[in-house]
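Below: one structure, written as structure tokens.
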Amino acid sequence: MFCDTSHIIERENAITIQVSEGRDSVDFAIVNAVSKYDIVITQDYGLAAMCLAKGAFVLNQNGKEFTDENIDQMLFFRHENAKFRRSGGKTKGPKKRTEKNNLDFEIKFRQICERAINAKRRMKMLELQRQLSEKEQEIMDNMKVSKPVLWINPNKTDELPENHSFTFQDVLNAEKRLQRFSAYIQFVFSETKKLQGIIESKLIEIPKMQSFIEKYADKPLFGKLLLKCDHELPISGSIKARGGIYEVLKLAEQIAIKHGFIQETDDYSKFADKAFQELFSQYKIAVGSTGNLGLSIGIMAAKLGFQTTVHMSMDAKEWKKQLLREKGVQVIEYESDYSLAVEEGRKQAEKDPMCHFVDDENSIDLFSGYAVGALRLKKQLENYKIPVNQEHPLFVYLPCGVGGGPGGVAFGLKALYKENVHIFFGEPTQSPCMLLGMMTGMHDQISVKDIGLTNRTEADGLAVGRPSKFVGKLMEPILSGCYTVEDEFLFESLKEMVRMEGIFMEPSSHASLFGPIQLLKEGNDYFEKHGLMDRFNQGTHIVWGTGGNMVPKEQREIYLNR
């Protein structure tokens, strides 16, 4: 809202911009601020005319739209009325506002909003078409009709980015902190005792699924095919366990040190003491999630004693909401997608100084925890005596939602293996937010809905319309590429994995299995560019399981009988 300094106007959920007092000062401020396809609400015909000239949509407080077709007539009436008043005549003032005026305005305003959104979307797409290469435009056209694609990142380099806010030292610090908490973790979560409180998963061969991939691609896949079993991670059964639990533990450590409850050299099993729980009960933790991050944050935060709220999108599975409620977590549901759940959670947390919001789109702590997985994987490969070098490249395929989990792993692997690791993110054909953001360079400024996609997928953890800009920018020199996969394949792979390997993973995890298929089918350009034509057959392929261990038996049956 615009007003001059002689007025004070405050409204909830609105920003008031004050300008210097003076004739038409507010009008000129609005005209200077307005852009094409913005929406202006005014009853001033002169201002309406200037805003229309800049391509804006304009309507008055009663829902009457000003257009290029009617504005001249409106201005003429204003001129005639002014002449009439100057000659001594009197005109009627505005009528008392009615409920019908409110309803008419709401109906018209909603229509205008939809037209403005569609117009901006068309403008954005026209701009994109001018920026994209011929190959990228072909990929975009296929994405629009939900056809699986493979995009190769032209900005990939052999080294980590320099001068970024996140460094490999953050990963090493996270590993040390998780080690400090291992005594507490194994004390309160008995399933972690075998690994002495370290939250980690197995790395196993899946030779029968290798045959499935070869059959699907109609080409042989040489080298080993391994599964990183983060779908079995202790505590919350997903890749989110490392990052989500790490951020909660770091916050708990900071609070405990601040209040003199602990020092870094102490035995961290003390965190299970009642005094710690009473301390943490004064603090709140909130997060926005489609499911798995919410589980990780909720389970860990509630165990420590934090008041915990998870804002969940419509894509989240009912069993995940119920499990959180059973752990004493407040679950707030939204009839919209992931982005709104995060936005509302962030807004509510900002109002409470005792509330810490876990921001899946921008959190360096989450990212650090995820990246620890790369350190652990390196040790496992060494234990299996699997080399990773120029002659024996490593190919890693990770399902991707907003980007934090796979981005953290990718960063860590790039730091460790540099040019010898090749990382690909897999996304549903209806939710390719990271591919779209990186290919266009627009990151979180473009949504999958901008190209006509629905962002609806059975892969609930991947149902994200806009990617993390923090992750997307960081991935520009790291990521080899992105590919998309249809839901139909996810369920086919799920059933075959259970039948042939006796392993259950939720649908989202199976986006990783489509990576080798796409690379076998369409990856020749990438192989040639990076000198891999003769070395691809000597490589190791790792598909990353991201969730599934906590899926109830009844839900598993639904998936298998689909």
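The values are calculated or read from the model by the stated rules, or taken from the named source; none is laboratory data. It should be emphasised that the depicted structure is a prediction, and the values quoted were computed from it without experimental measurement. Here the Cβ is made from the backbone with ideal geometry for all residues, glycine too, and neighbour counts use every protein chain on show. Keep in mind that these areas ignore ligands, DNA and RNA; they rest on the heavy atoms of the full protein, side chains included. Shrake-Rupley method; radii C 1.70, N 1.55, O 1.52, S 1.80 Å.
Can you tell me which residue in region 201-215 is farthest from residue 501 (Cα to Cα), limited to those that are in contact with an Asp or Glu (Cβ under 9 Å, 6 or more places away or on another chain), outside any helix (DSSP H, G or I) and open to solvent by less than 30 Å² (accessible area, probe 1.4 Å)?
My answer is 201.
Quick check on this structure: which one of 14, 56, 33, 48 is at pLDDT 90 or above and open to solvent by 30 Å² or more (accessible area, probe 1.4 Å)?
Sole residue among the options that is at pLDDT 90 or above and open to solvent by 30 Å² or more (accessible area, probe 1.4 Å): 33.
If you go through region 504-513 one residue at a time, do you hit one that is at pLDDT 95 or above, farther than 30 Å from residue 418 by Cα, surrounded by fewer than 24 Cβ atoms within 10 Å (Cβ to Cβ) and in contact with a helix residue (DSSP H, G or I) (Cβ under 8 Å, 6 or more places away or on another chain)?
The answer is yes; a qualifying residue exists.
Tally up the residues in region 408-432 that are without any contact (Cβ under 8 Å) to a residue 60 or more places away in the chain and touching a Ser or Thr at 6+ places or on another chain (Cβ under 7 Å), please.
So the count comes out to 2.
Pick from 83, 92: which is exposed (fewer than 11 other Cβ atoms within 10 Å of the Cβ) and either within 22 Å of residue 49 (Cβ to Cβ) or modelled with pLDDT of 80 or more (or both)?
83
Being in contact (Cβ under 8 Å) with a residue 24 or more places away in the chain and assigned to a helix (DSSP H, G or I) is the filter; apply it to region 124-133 and report the residue that is surrounded by the fewest Cβ atoms within 10 Å (Cβ to Cβ).
131
Checking residue 161 against (1) assigned to a loop (DSSP other than H, G, I, E, B); (2) modelled with pLDDT of 95 or more; (3) within 24 Å of the chain's Cα centre (by Cα); (4) closer than 20 Å to residue 373 by Cα, which test does it fail?
(2)
In the set 115, 121, 110, 78, which member is open to solvent by less than 70 Å² (accessible area, probe 1.4 Å) and either touching a Phe, Trp or Tyr at 6+ places or on another chain (Cβ under 8 Å) or closer than 19 Å to residue 57 by Cβ (or both)?
Just a single option satisfies the conditions, and that option is 121.
Restricting to region 134-147, and then to whatever is part of a helix (DSSP H, G or I) and free of Cβ contacts under 8 Å to residues at least 12 places away in the same chain, can you tell me which residue is nearest to residue 441 (Cα to Cα)?
137
Is it true that residue 439 is modelled with pLDDT of 90 or more, outside any loop (DSSP other than H, G, I, E, B), aliphatic (A, V, I, L, M) and open to solvent by 10 Å² or more (accessible area, probe 1.4 Å)?
Criteria met by residue 439.
With a cut-off of at least 2 residues that are within 17 Å of residue 116 (Cα to Cα), name the strands (runs of 3 or more DSSP E) lying wholly within region 2-97.
In region 2-97, 39-41, 57-59 are the strands (runs of 3 or more DSSP E) which contain 2 or more residues that are within 17 Å of residue 116 (Cα to Cα).
Looking at region 514-541 only, could you name the residues that are buried (at least 24 other Cβ atoms within 10 Å of the Cβ) and hydrophobic (A, V, I, L, M, F, W, C)?
514, 517, 519
Checking residue 301 against (1) in contact (Cβ under 8 Å) with a residue 40 or more places away in the chain; (2) outside any helix (DSSP H, G or I); (3) touching a strand residue (DSSP E or B) at 6+ places or on another chain (Cβ under 8 Å), only one condition comes out false. Which one?
With (1) in contact (Cβ under 8 Å) with a residue 40 or more places away in the chain; (2) outside any helix (DSSP H, G or I); (3) touching a strand residue (DSSP E or B) at 6+ places or on another chain (Cβ under 8 Å) applied to residue 301, the lone miss is (2).
Mind listing just one residue for me: the one in region 337-351 that is basic (Lys, Arg) and assigned to a helix (DSSP H, G or I) and, of those, most open to solvent (accessible area, probe 1.4 Å)?
347
From the list 186, 196, which residue is touching a Lys or Arg at 6+ places or on another chain (Cβ under 8 Å) and of a type outside the set (Phe, Trp, Tyr)?
Among 186, 196, only 186 is touching a Lys or Arg at 6+ places or on another chain (Cβ under 8 Å) and of a type outside the set (Phe, Trp, Tyr).
Quick check on residue 291: is it within 19 Å of the chain's Cα centre (by Cα), assigned by the TED database to the domain that holds residue 402 and either open to solvent by 40 Å² or more (accessible area, probe 1.4 Å) or within 28 Å of residue 197 (Cα to Cα) (or both)?
Answer is no for this residue.
Among (1) under 22 Å from residue 320 (Cβ atoms); (2) out of contact with any Lys or Arg (no Cβ under 8 Å at 6 or more places or on another chain); (3) of a type outside the set (Ser, Thr, Tyr); (4) modelled with pLDDT of 95 or more, which single condition is residue 456 missing?
(4)
Tell me which residues, restricted to region 221-241, are modelled with pLDDT of 95 or more, open to solvent by less than 10 Å² (accessible area, probe 1.4 Å) and part of a helix (DSSP H, G or I).
Of everything in region 221-241, those that are modelled with pLDDT of 95 or more, open to solvent by less than 10 Å² (accessible area, probe 1.4 Å) and part of a helix (DSSP H, G or I) turn out to be 230, 231.
When you check residue 245 against the structure, is it at pLDDT 95 or above, surrounded by 18 or more Cβ atoms within 10 Å (Cβ to Cβ) and farther than 15 Å from residue 497 by Cα, yes or no?
yes
Sort out which residues of region 467-490 are open to solvent by 10 Å² or more (accessible area, probe 1.4 Å) and among the aromatic types (Phe, Trp, Tyr), and write them in order of number.
The one that is open to solvent by 10 Å² or more (accessible area, probe 1.4 Å) and among the aromatic types (Phe, Trp, Tyr): 470.
Give me the pairs, please: first residue somewhere in region 94-107 and within 11 Å of residue 61 (Cβ to Cβ), second residue anywhere and β-branched (Val, Ile, Thr), beta-carbon distance under 9 Å, and either six or more positions apart or on two chains.
105/41
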